[in-house]
Amino acid sequence: MVPIQPTFNLKYFNFFKNNIENNFHESFFLSWEDALWHLLHIHKIKKDEYVLVPSFFCWDVVKNMNDHGLKHLVYEVDKFMQPDTEDFVNKIKRFKPKVVVIFHSVGMKNPLFDMKKVWLKYIDNESILIEDCVHKVLNPNKIIFISKNHYLIDSLRKVVPIQGSRLFSNHKITRVTLDKVIKTFWYRNSIIFWWILMQLSLVTLSLTKKITIQKYVNLFSEYAMKKGYDIIGDHKLSSVGSPIMKYLSTHINYNSIYRSKEFQVRIYLEFFKKKIINNSNFFLFPVDEKDYKQLRGYPIGIELNYSDQFLSKIRSKGLLFRFELNDSLWSKKFKVIYLPMGPHLSNEQIYTVCDKINMAIR
């Protein structure tokens, strides 16, 4: 069995604290949504203001935004998750959204940042611009701010074995008040509880050689992951992250992660260019070589009419893939899975993934 989620492994961490050179401010929250709720509070975003999100975006998060009083707008992205710039600009001009989200899907750099002169001038000075980095292995030394209220938020649990999200800003933001810390106690610890169970399962999976144990432990790790995901963002108040997780976030071994991911992408590319590129049921995304090291996973696009059949086949072979952001508007037309990457995986396991996919598409 191959663990899909980042599994606790010392290769993910440095012994010494990272040397951060950039001049920015960092806050640590329980999740991406908790960071957003805090921004809505400190910027005094009123109810019924618009939030602009891409069509490839978690709809559960959108629903939580609506529960916090926002009204959502969607700008289109194409089959390859590239934004429709004209639609993006038109929505900003027409609706003047108070929150604008630009998503680096799968960890691929969003091209909107290379054409900021086209759209940045239309964003209100008091609006919040959120660079959504939940799929990126975000190195703080590489952060660039493009406006006063430009924020970067990641989601560490998706790319490293840490539960929490870092909020980066170019100015100080107020801390979460003590009463909120107290009121979100059970919410926070429920999420940490399921995260710990997931990680214990994943570590067990990596240690045991017995197929039967691997099967059920793998299924339980997926169950624990989903339970945690279901709870995240549901509290009306923002919650801080765990101090232990915050400490670990300052010891992330970016070089180890980047090296392993770059090498693993090349393995996948070599395999899929032979097996998938001429298969009409699949399509590959135009991943720039510079993005290899920052991907959450290697993305494989699947045509809608074949997607359920393929997912059933691949899961029957012990790879617990799922359709990513399957509740998004984009996913009504296409499906995507992310192949596992990271230093918790050996080269042999990456080749195993390739072999099992090869058997599934025959």
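The values are calculated or read from the model by the stated rules, or taken from the named source; none is laboratory data. Small disclaimer: the values here were computed from a predicted structure and weren't measured. Virtual Cβ from ideal backbone geometry, glycine too; neighbours counted across all protein chains shown.
Just to check your reading of the model, which residue among Ile146, Ile123 is without any contact (Cβ under 8 Å) to a residue 60 or more places away in the chain, loosely packed, with under 14 Cβ neighbours inside 10 Å, among the β-branched types (Val, Ile, Thr) and more than 25 Å from Pro340 (Cβ to Cβ)?
Result of the check over Ile146, Ile123: Ile146.
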Between residues in the range 8-34 that are of a type in the set (Val, Ile, Thr) and residues that are part of a loop (DSSP other than H, G, I, E, B), which pairs lie under 9 Å by C-beta distance while being six or more apart or on different chains? Ile20/Thr250
Condition test on Lys93, is it part of a loop (DSSP other than H, G, I, E, B), on the phi < 0 side of the Ramachandran plot, surrounded by fewer than 22 Cβ atoms within 10 Å (Cβ to Cβ) and in contact with a helix residue (DSSP H, G or I) (Cβ under 7 Å, 6 or more places away or on another chain)? no
What tally of residues in the range 327-362 results from selecting those that are under 22 Å from Gln214 (Cα atoms), in contact (Cβ under 8 Å) with a residue 12 or more places away in the chain and over 22 Å from the mean Cα position of the chain (by Cα)? 10
Can you find a residue that is in contact with a strand residue (DSSP E or B) (Cβ under 6 Å, 6 or more places away or on another chain), of a type in the set (Phe, Trp, Tyr) and at pLDDT below 95 anywhere in the range 29-45? no
Search result, residues across the range 301-315 that are surrounded by fewer than 16 Cβ atoms within 10 Å (Cβ to Cβ), among the polar types (S, T, N, Q) and under 23 Å from the mean Cα position of the chain (by Cα): none
Which one is farthest from Ile144 (Cα to Cα) among residues in the range 36-56 that are outside any loop (DSSP other than H, G, I, E, B) and touching a Lys or Arg at 6+ places or on another chain (Cβ under 8 Å)? Tyr50
On the basis of being farther than 21 Å from Gly164 by Cα and touching a helix residue (DSSP H, G or I) at 6+ places or on another chain (Cβ under 9 Å), does His68 make the cut? no
When residues of the range 206-236 are limited to those that are in contact (Cβ under 8 Å) with a residue 24 or more places away in the chain and either touching a strand residue (DSSP E or B) at 6+ places or on another chain (Cβ under 6 Å) or in a loop (DSSP other than H, G, I, E, B) (or both), the one surrounded by the fewest Cβ atoms within 10 Å (Cβ to Cβ): Lys236
Answer yes or no: is there a residue in the range 316-326 that is over 22 Å from the mean Cα position of the chain (by Cα), at pLDDT below 95 and in a helix (DSSP H, G or I). yes
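Conditions (1) more than 20 Å from Ala35 (Cβ to Cβ); (2) assigned to a helix (DSSP H, G or I); (3) assigned by TED's automatic domain parsing to the domain that holds Val134, marked per residue:
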position	(1), (2), (3)
Asn64	no, yes, yes
Val74	yes, no, yes
Glu86	yes, yes, yes
Pro97	no, no, yes
Val100	no, no, yes
Val106	yes, yes, yes
Can you work out which of the residues in the range 60-69 that are crowded, with 18+ Cβ neighbours inside 10 Å and farther than 16 Å from Leu237 by Cβ is farthest from the chain's Cα centre (by Cα)? Val62
Among (1) within 21 Å of Leu138 (Cα to Cα); (2) assigned to a loop (DSSP other than H, G, I, E, B); (3) in contact (Cβ under 8 Å) with a residue 60 or more places away in the chain, there is one condition Met1 misses while meeting the rest; what is its number? (1)
Taking the range 295-318 and keeping residues in contact with a strand residue (DSSP E or B) (Cβ under 9 Å, 6 or more places away or on another chain) and touching a residue at least 60 places away in the same chain (Cβ under 8 Å) leaves Leu295, Arg296, Gly297, Pro299, Gly301
Residue by residue through the range 137-163, note down the ones that are polar (S, T, N, Q) and either in a strand (DSSP E or B) or in contact with a strand residue (DSSP E or B) (Cβ under 7 Å, 6 or more places away or on another chain) (or both). Ser147, Asn149, Ser155
